[in-house]
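S.K.: Here you go, one structure.
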Amino acid sequence: MTPLPKRKLSKGRSRRRRSHLALQRVKLVECPSCHAMHLPHRVCPSCGMYRGVAVLNVESES
């Protein structure tokens, strides 16, 4: 036999346990060079700059 809980867990106890599983809102920051919004601590996908240094060669869409 598999082990079973001795007592029923209350709804409040299980909901408190799962309280940190809620979805978080995506936080965006503005790129200082092109002013596009992107995720913090990541290369800007529109201009390819990271902390003032060109990291990626992004070709413009034309």
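S.K.: Just to be sure, is residue 23 exposed (fewer than 12 other Cβ atoms within 10 Å of the Cβ), in contact with a strand residue (DSSP E or B) (Cβ under 7 Å, 6 or more places away or on another chain) and of a type in the set (A, V, I, L, M)?
M.R.: Values: exposed (fewer than 12 other Cβ atoms within 10 Å of the Cβ): yes; in contact with a strand residue (DSSP E or B) (Cβ under 7 Å, 6 or more places away or on another chain): no; of a type in the set (A, V, I, L, M): yes.
It is false that residue 23 is exposed (fewer than 12 other Cβ atoms within 10 Å of the Cβ), in contact with a strand residue (DSSP E or B) (Cβ under 7 Å, 6 or more places away or on another chain) and of a type in the set (A, V, I, L, M).
S.K.: Does residue 15 satisfy the condition of being outside any loop (DSSP other than H, G, I, E, B) and either over 17 Å from the mean Cα position of the chain (by Cα) or within 30 Å of residue 52 (Cβ to Cβ) (or both)? Give the derivation first.
M.R.: Values: outside any loop (DSSP other than H, G, I, E, B): yes; either over 17 Å from the mean Cα position of the chain (by Cα) or within 30 Å of residue 52 (Cβ to Cβ) (or both): yes.
So residue 15 fits the description; yes.
S.K.: Also, quick follow-up: If you check 45, 40, which single one turns out to be surrounded by 10 or more Cβ atoms within 10 Å (Cβ to Cβ) and at pLDDT 90 or above? Don't jump to the end; show me each part of the working.
M.R.: Numbers: 40 fails: surrounded by 10 or more Cβ atoms within 10 Å (Cβ to Cβ).
Unique residue meeting the criteria: 45.
The values are calculated or read from the model by the stated rules, or taken from the named source; none is laboratory data. This is a predicted model, so every value here is computed, not measured. All Cβ positions, even for glycine, are placed from backbone atoms using ideal geometry, and neighbour counts span all protein chains on display.
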